[in-house]
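Colleague: Dumping the structure here so I can ask a few things about it.
The values are calculated or read from the model by the stated rules, or taken from the named source; none is laboratory data. All figures in this text were calculated on a predicted structure; none of them were measured in a lab. Glycine gets a Cβ as well: all are built from the backbone with ideal geometry, and neighbour counts include every protein chain shown.
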Amino acid sequence: MNKNYISRINRRDSLKWLGSLTSYVVIGGVVVSCDAPSPELPDVKKGSNWPDMKFGKITGPKYGQDPDLLNPTTPWSLTLDKNQLNLVAHLSDIICPADDNGPSAVEVGVPDVIDEWVSAPYETQHNDRELILNGLQWLDDEANRRFKKGFMDLGPDEQIQIIDDIAYSAKADDPEFEHAVLFFAKLRTLVFGAYFTSPEGMTDIGYMGNTPILGDYPGPTGEAMAHLNEIIANMPG
């Protein structure tokens, strides 16, 4: 996997895509809501290495307030720096890799949409911004504590060792990992939410749009359900 992420989409498209994430996505009968508020973070307890960095709220015009709808200006600046975007891209492909039925999260531009999400000047996005940015810093700090390297410089087995400690809800009871578990759960929701609202993701699950159906709705094909069930079965946590 290339460590340097190259953006796949422009700002205009990522802003449009951002709007799709405010709805509910149903994956194999499981409702994934990206717009659900992040839970209030518990106090940092003894034994935790959570960075607990605080960030000022992003201010400025909201999307849709630009008077020139034909040539809209960018309503806010993006948050993630190059290293953070590379790390988000790497994690996105760990969470949602390519398979025989569709491309990976990175190949469809999911990291660009996550960057847009954590940059938007809304309350939900502000809370997610703090959670995601702290989580990315925690991963690098944890990699240095365990292996004396940054997370992106670790080998795949070392990376998975760390991810295995935060990908399962049972670890949320451990003060060492409880914040990181919440971070990874939110990132996973954003990755799948963005992927399955992309054109490629909709094709992946067999979504055909407003196509008329004669007679009763037959439901998803067996192939589509098998693919979705495989994805859900392999989801951490």
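Colleague: Please find, within the range 63-78, the residue that is surrounded by the fewest Cβ atoms within 10 Å (Cβ to Cβ) out of those that are modelled with pLDDT of 80 or more and in contact with a helix residue (DSSP H, G or I) (Cβ under 6 Å, 6 or more places away or on another chain).
Modeller: L78
Colleague: Here's a follow-up. Would you point out the residue of the range 72-102, among those that are within 24 Å of F151 (Cα to Cα) and assigned to a loop (DSSP other than H, G, I, E, B), that is nearest to the chain's Cα centre (by Cα)?
Modeller: So, considering only residues that are within 24 Å of F151 (Cα to Cα) and assigned to a loop (DSSP other than H, G, I, E, B), the one nearest to the chain's Cα centre (by Cα) is C96.
Colleague: Hey, can you tell me all the residues within the range 169-184 that are crowded, with 20+ Cβ neighbours inside 10 Å and aliphatic (A, V, I, L, M)?
Modeller: A180, V181, L182, listed by residue number.
Colleague: Looking only at the range 103-116, which residues are within 13 Å of F196 (Cβ to Cβ) and in a helix (DSSP H, G or I)?
Modeller: A105, V108, V110, V113
Colleague: Same structure, new question: Please determine whether any residue of the range 79-89 is surrounded by fewer than 18 Cβ atoms within 10 Å (Cβ to Cβ), modelled with pLDDT under 95 and of a type outside the set (D, E, K, R).
Modeller: no
Colleague: Also, I was wondering about something else. If I filter the range 139-153 for residues that are assigned to a loop (DSSP other than H, G, I, E, B), in contact (Cβ under 8 Å) with a residue 40 or more places away in the chain and over 21 Å from P75 (Cβ atoms), do I get at least one hit? Break it down into steps so the answer makes sense when it comes.
Modeller: The initial filter retains those residues of the range 139-153 that are assigned to a loop (DSSP other than H, G, I, E, B), namely 148-150.
Among the residues that remain, those that are also in contact (Cβ under 8 Å) with a residue 40 or more places away in the chain are: none.
No, the range 139-153 has no match at all.
Colleague: Now, a different point. Checking the structure you have, find out if any residue of the range 103-110 is touching a His at 6+ places or on another chain (Cβ under 9 Å), within 20 Å of S20 (Cα to Cα) and in contact (Cβ under 8 Å) with a residue 12 or more places away in the chain.
Modeller: Residues of the range 103-110 touching a His at 6+ places or on another chain (Cβ under 9 Å): 106.
Those left that are additionally within 20 Å of S20 (Cα to Cα): 106.
Among the residues that remain, those that are also in contact (Cβ under 8 Å) with a residue 12 or more places away in the chain are: 106.
Within the range 103-110, one or more residues are touching a His at 6+ places or on another chain (Cβ under 9 Å), within 20 Å of S20 (Cα to Cα) and in contact (Cβ under 8 Å) with a residue 12 or more places away in the chain.
Colleague: Only one of (1) in contact (Cβ under 8 Å) with a residue 60 or more places away in the chain; (2) within 23 Å of D112 (Cα to Cα); (3) assigned to a helix (DSSP H, G or I) fails for F183. Which number is that?
Modeller: Failing condition for F183: (1).
Colleague: What's the number of the condition I94 fails, among (1) hydrophobic (A, V, I, L, M, F, W, C); (2) in contact with a Ser or Thr (Cβ under 9 Å, 6 or more places away or on another chain); (3) touching a residue at least 40 places away in the same chain (Cβ under 8 Å)?
Modeller: Going through the list (1) hydrophobic (A, V, I, L, M, F, W, C); (2) in contact with a Ser or Thr (Cβ under 9 Å, 6 or more places away or on another chain); (3) touching a residue at least 40 places away in the same chain (Cβ under 8 Å), I94 breaks only (2).
Colleague: Which of (1) surrounded by fewer than 22 Cβ atoms within 10 Å (Cβ to Cβ); (2) under 21 Å from G47 (Cα atoms); (3) under 18 Å from the mean Cα position of the chain (by Cα) is the odd one out, the single condition I166 does not satisfy?
Modeller: Status for I166: all satisfied but (1).
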